[in-house]
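The values are calculated or read from the model by the stated rules, or taken from the named source; none is laboratory data. Quick caveat: nothing in here was measured; it's all calculated off a predicted structure. Neighbour counts are summed over all protein chains in view; Cβ atoms, including those assigned to glycine, are modelled from backbone coordinates with ideal geometry. Surface accessibility is based on the protein's heavy atoms, side chains included, excluding ligands, DNA and RNA. Shrake-Rupley method; radii C 1.70, N 1.55, O 1.52, S 1.80 Å.
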Amino acid sequence: MSFFRENLAQSESGGNYAAKNAEGYIGKYQFGAARLADFMRANNKQFTMTEFQGDPRLQEEVQAWHEGDILDFVLSSGLDKYFG
């Protein structure tokens, strides 16, 4: 696992896949319903918030997709010129 991802998980949930905060964000990386809906649409998958919360492998899959989706947006928008 990457240094970035592990630090993010510690910051968001203490690394706890079962975490849920007061605003309803869940999992190791604290995803909300809207972002999970984005993932499901993009990947033609369906699951409930409860299923997501109980599935570490799915949480890692969503986080990997999320990182790639953000990077794709950065590159397609020309924002990569601001790296560094």
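Below are the figures for this structure:
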read-out	value
Scan of region 18-30 for residues that are surrounded by 14 or more Cβ atoms within 10 Å (Cβ to Cβ) and in a loop (DSSP other than H, G, I, E, B), ordered by number	A19, Y25, G27, K28, Y29, Q30
Single condition Y82 does not satisfy, out of (1) over 20 Å from R5 (Cβ atoms); (2) open to solvent by less than 70 Å² (accessible area, probe 1.4 Å)	(2)
Tabulated pairs, region 66-77, first over 19 Å from A34 (Cβ atoms) and part of a helix (DSSP H, G or I), second open to solvent by less than 90 Å² (accessible area, probe 1.4 Å) and of a type outside the set (K, R), C-beta under 7 angstrom, 6+ apart or interchain	V74/D80
Counted residues, region 1-21 - those being aromatic (F, W, Y) and over 20 Å from E51 (Cα atoms)	2
So G15, is it part of a loop (DSSP other than H, G, I, E, B) and modelled with pLDDT under 95	no
The lone exception for S76 - which of (1) modelled with pLDDT under 95; (2) within 12 Å of the chain's Cα centre (by Cα); (3) small (G, A, S) it fails	(2)
Considering residues of region 4-30 that are touching a helix residue (DSSP H, G or I) at 6+ places or on another chain (Cβ under 6 Å) and of a type in the set (F, W, Y) only, the residue nearest to P56 (Cα to Cα)	Y17
Among the residues listed as E60, E51, the single one being assigned to a helix (DSSP H, G or I), loosely packed, with under 14 Cβ neighbours inside 10 Å and acidic (D, E)	E51
When residues of region 31-48 are limited to those that are out of contact with any helix residue (DSSP H, G or I) (no Cβ under 8 Å at 6 or more places or on another chain) and part of a helix (DSSP H, G or I), the one surrounded by the fewest Cβ atoms within 10 Å (Cβ to Cβ)	A34
